[in-house]
Amino acid sequence: MVYQGNRITVSMLEDGIANMHFNAEGESVNKFDMETNKQLGEAVSALEQADDVKGLIVTSGKGVFIAGADITEFVASFQKPEDEIKDWGVKVNGTFNRFEDLPFPKVAAINGAALGGGCEMTLVCEYRVMSEKASIGLPETQLGIFPGFGGTVRSTRVIGIDNALELIATGKPKKPLEALKLGLVDATVAADDLQNAAVDLVKKCISGELDWQAKREEKLNPVKLNQLEQAMAFNSAKGMIFSKANPKQYPAPALAIEAIEKHVNLPRDKAIEVEATYFAKAAKTPQAESLVGLFLNDQLVKKLAKKHSKQAHEINEAAVLGAGIMGGGIAYQAASKGLPIIMKDIKSEQLDLGMGEASKLLGKMVERKKMTPAKMGETLSRIRPTLNYGDFSETDIVIEAVVENPKVKHAVLKEVEGLVKEDAILASNTSTISITHLAEVLERPENFVGMHFFNPVHRMPLVEVIRGEKSSEEAIATTVALATKMGKVPVVVNDCPGFLVNRVLFPYFGAFDLLLKQGADFTHVDKVMEKFGWPMGPAYLIDVVGLDTGVHGAEVMAQGFPDRMNPDYKGAIQHLYENERLGQKNGVGFYKYETDKRGKPKKVADEATYKLLEVTTDSDKQEFDDQTIIDRTMLAFCNETVRCLEDNIVSTPAEADMAMIMGVGFPPFRGGPCRYIDQLGLDNYLALCEKYAHLGKAYEAPQKIRDMAAAGERFYPVA
């Protein structure tokens, strides 16, 4: 044994070939945490002193080769000064460089995902062999940073500037054939042949059949492109990257490009210093804090879902009541994840519509070559359309998705409860109606919960699982388990008007309405909020949701929270609805909708809208700068999020933030409303609330904000 640690071991195999084996004890994956980095340094020292090693392979004892750095350590690390982060990067890279400089050939045997630091570990080897089941990539920009273990330096020299920039900026992992074509790996083999292939490659290096020193030299020296070719590569990459990611919102790709531009003409060690300098700059951006926090919140939400699911009943078959677009979307989602589902409606036309929706979604997957026609047929066969309840006796869970009307829902739920087995769970896909109220007609209210999908079902990852006053933990657990089985991210919330997401969204629409009343231009508000990071501004969003849906939801919210969601004036949304402008549903809302070349609705500012809004606009119009628009809309949105935490509608800031990002598209690079408040600073946020408190209760600081500001607290304490 050359080296023995609880993360890394180095042992001799045959003919002078050593095996550096990553297999962290007690961990599900290998990752470059502080202890692993320390052991890597010790292992390299042992190899530097070993005189009987002629070559080496790098292997993994986990299903994932190496997952990368330990993201949980980032939160504390990124609080350090920029120069300390840079020094840390240079120090870690010193170990990687020493490994690369060992006086013998090295081959990485990539058995599973080699991501981030895992990919960078393979790049310090002269050759890389990849299992047909593996993937490889540099996804760090998705965390607001970029590769910091020499990844920007070695990738540009191994696969070229343009390919490296694409790999780093998009963050998308490559499958074996893609990686081979890029030159990111040197061979792909069957999983069972991986280690033998790696050993064979080392033997060819030792025998002189392969010039491994030349492969190493390529990584130690500047990129072999003249200045004109370099300029062309960078300009092309910038055009592609900046068209997809706004550098002000997502600065990491731009910083990576800048770093690479500065180091492509430098030798390795100098280039690594440049990478470390720019890595530290990226690490100190608020976007890195938000996106790392987002990753950790995502892990926490999934962990909570797993915890909730412990008391779940087994789910072998589901049913959805109500076909159409929503029912068809739910049926498609279940069937696509392998779960048989019955789709029931009282009209055959609705069943046709639901099956048509599922077929359309599956057909698009076939077009994109993500599914075979045979697989599509198999998936569709899992959906059983029916006009009667004949097959409901063995169904484990029924999702009611009929019209958003409490009387209709009461009738349907009461009817189906008498036809299913006693322990079957009933779940209502309501967006606003109280679960406690809907349960009043049921004999077994403990088996009833809310299960709120967001439209379109196949795209929106969030499902709100709503606990009514009498919902049992088993019912919650089973519904959470179903949402997870359907590939969704469930967040458990308590019952109230609008639950979590819609309760928070309507004060945002209310703030928008008030701005319009006082003279703001709806197109200007949309542009400001889209620049802020929303996928669409509030006018466009309500057009997509439907002004009829918005008005109905506003009525529910006004009854539930009259102090802050029941304005004493008629707003623009209500007025446009009364003038039969429903948004995209009928082609006119705030905007007029025309069909583009691809057959999709395209919004156009409509003069008729301005004429209609004259009735709801104050005579003494005000003008609003961009920051005022942001402050007023975001105060209403964030304050209601905090009130949901105060009222225990949602349990944690992490769940609240993830729900807003997944449910309504809150800008991910801002981390969610609670993270946004943290980054503004509680004192600054409180001052904003006091500045706009005269506008109404929605803008007044919740008591929780006052208490936290007084105590110097944050929603996300710094580790």
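No value in this document is a laboratory result; all are computed from the given coordinates. Only a predicted model underlies this, so the values are computations on that prediction, with no experimental measurement involved. Cβ coordinates were reconstructed from backbone atoms using ideal geometry, including for glycine residues, and neighbour counts include every protein chain displayed.
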- Item | Given LYS238/LYS527; LYS31/LYS369; LYS527/LYS570, the pairs whose alpha carbons are separated by over 28 Å | LYS31/LYS369
- Integer Hz, Karplus 6.51/-1.76/1.60 couplings in order for the stretch 67-81, x for Gly and Pro: 7, x, 6, 7, 5, 5, 7, 5, 4, 6, 4, 6, 7, 6, x
- Query: Counting only residues 5 or more places away or on other chains, whose amide H sits under 5 Å from the amide H of LEU266 once H atoms are built in the peptide plane?
  - Reply: VAL223
- Go ahead and run the numbers for FRET between GLU132 and GLN249, Cβ-Cβ distance against an R0 of 35 Å, rounding to 0.05. 0.40
- Loop-resident sites, the stretch 303-400, for trypsin sites (Lys or Arg not before Pro), counting at most 10 other Cβ within 10 Å (DSSP): ARG368, LYS369, LYS370
- Fully extended contour minus Cα-Cα distance, from MET536 to GLU258, at 0.36 nm per residue: 97.1 nm
- Note on the structure: The equivalent-ellipsoid semi-axes of the chain, taken as the square roots of five times the Cα gyration tensor eigenvalues and listed largest first in whole Å, are 50, 32, 24
- Note on the structure: Here the percent of antiparallel bridges among DSSP beta bridges lying wholly in the chain, to the nearest 5, is 30 percent
- Task: Compare the peptides 285-293, 618-626, 531-539 by average per-residue count of other Cβ atoms within 10 angstrom and give them in order, highest first.
- Result: 285-293, 531-539, 618-626
- Query: Taking 0.36 nm per intervening residue step and subtracting the Cα-Cα distance, what contour gain separates LYS303 from GLU473 on full extension?
  - Reply: 59.5 nm
- Task: Show that you can apply the helix-only estimate: for the chain, add -39,500 (n - 2.57) for every DSSP H stretch of four or more residues, divide by all residues, and state [θ] at 222 nm to the nearest 500.
- Result: -15500 deg cm²/dmol
- Message: Sequence gap at least 6, Cα distance under 8 Å: using those rules, report the relative contact order of the chain to the nearest whole percent.
- Response: 9 percent
- Query: What are the ³J(HN,Hα) values, in whole Hz, obtained from phi via the Karplus relation 6.51 cos²θ - 1.76 cosθ + 1.60 with θ = phi - 60°, for each residue of the stretch 439-452 in sequence order, with x given for Gly and Pro?
  - Reply: 6, 4, 8, 9, 6, 10, x, 5, 8, 10, 9, x, 9, 8
- Task: About the Cα centre of the stretch 273-355, how large is the charge dipole given +1 on each Lys and Arg Cβ and -1 on each Asp and Glu Cβ? Please answer in debye to the nearest 20.
- Result: 360 debye
- Note on the structure: Counted neighbours (other Cβ, 10 Å), sorted fewest up, put HIS552, HIS452, HIS694, HIS21 in the order HIS694, HIS552, HIS21, HIS452
- Item | P(r) tail fraction, the stretch 560-719 - alpha-carbon pairs more than 26 Å apart, % | 43 percent
- Between SER651 and LYS284, what is the spin-label point distance in nm, taking each point 7 Å from the Cα along the Cα→C-beta axis? 3.8 nm
- Message: Restricting to Cα pairs below 8 Å that are 6+ residues apart, what does the relative contact order work out to for the stretch 502-711? Please round to a whole percent.
- Response: 23 percent
- Task: With a 10 Å radius around each residue's Cβ, average the other Cβ atoms per peptide and rank 553-564, 572-583, highest first.
- Result: 572-583, 553-564
- Averaging over all projection directions, find the projected area of the Cα convex hull of the stretch 344-476 and quote it in nm² with one decimal place. 8.7 nm²
- Calculate the dipole size of the chain relative to its Cα centre from +1 charges on Lys and Arg beta carbons and -1 charges on Asp and Glu beta carbons; express the result in debye to the nearest 20. 1340 debye
- Query: When you count, for each residue, the other Cβ atoms within 10 Å and take the mean per peptide, how do 14-20, 139-145 rank with the highest first?
  - Reply: 139-145, 14-20
- Message: Going Cα to Cα from LYS54, which lysines come in below 18 Å? Please leave out same-chain ones fewer than 8 positions away.
- Response: LYS106, LYS203, LYS204, LYS215
- Straight-line reach from LYS302: which aspartates and glutamates have Cα under 12 Å away, leaving out those fewer than 8 places along the same chain? GLU655
- Provide the convex hull volume over Cα atoms per residue for the stretch 99-145, in Å³. 65 Å³
- Item | Distance violations [Cα-Cα > 23 Å] among LYS485/LYS600; LYS307/LYS488; LYS38/LYS262; LYS375/LYS602; LYS375/LYS485 | LYS485/LYS600; LYS38/LYS262; LYS375/LYS602
- Can you list the HN-Hα couplings for the stretch 153-163, worked out from phi with the Karplus curve (6.51, -1.76, 1.60; θ = phi - 60°), rounded to whole Hz and with x for Gly and Pro? 6, 6, 5, 5, 7, 8, 10, x, 4, 4, 5
- Can you work out the PRE-style zone for LEU13? Point 7 Å along Cα to Cβ, and I want the residues of the stretch 126-167 with backbone N under 12 Å. 129
- Query: Which is farthest toward the positive dipole end of the chain among TYR676, ALA656, THR277, measuring Cα position about the Cα centre, with Cβ charges +1 (Lys, Arg) and -1 (Asp, Glu)?
  - Reply: THR277
- Please report how far the C-alpha centroid of the stretch 675-719 lies from that of the stretch 610-650, rounded to the nearest whole angstrom. 16 Å
- Query: Mean shadow of the stretch 3-284, computed from the convex hull of its alpha carbons, in nm²?
  - Reply: 13.8 nm²
- Residues with beta-carbon under 12 Å from that of GLU42, excluding GLU42: net charge, scoring Lys, Arg +1 and Asp, Glu -1? +1
- Using the count of nearby Cβ atoms within 10 Å as a rough guide to exposure, how do GLU422, GLU126 rank from fewest to most? GLU422, GLU126
- Determine the principal axes of the Cα atoms in the stretch 514-648, then give the extent along each, sorted from largest to smallest and rounded to whole angstroms. 48, 34, 30
- Query: Any idea how far apart ASP548 and VAL403 come out in nm if each label point goes 7 Å out from Cα toward Cβ?
  - Reply: 0.9 nm
- Message: How much length would be gained if the chain were fully extended between LYS54 and ALA687, taking 0.36 nm per residue of separation minus their Cα-Cα distance, in nm to one decimal?
- Response: 221.2 nm
- Putting +1 on Lys and Arg Cβ atoms and -1 on Asp and Glu Cβ atoms, find which of PHE32, VAL185, LEU102 reaches farthest to the positive end of the dipole of the chain. VAL185
- Query: Given LEU645, GLN703, GLY665, which one lies farthest toward the positive end of the charge dipole of the stretch 502-711, if we put +1 on the Cβ of every Lys and Arg and -1 on the Cβ of every Asp and Glu?
  - Reply: GLY665
- Would you order PHE499, PHE522 from fewest to most other beta-carbon atoms within 10 Å of each residue's own beta-carbon? PHE522, PHE499
- Query: Distance in nm between label sites at ASP625 and GLU217, each 7 Å beyond Cα in the beta-carbon direction?
  - Reply: 6.1 nm
- Note on the structure: Whole-Å distance linking the alpha carbon centroid of the stretch 85-136 with that of the stretch 272-341 is 29 Å
- Given charges at beta-carbon only (K, R positive; D, E negative), |dipole| of the stretch 46-87 in Debye: 300 debye
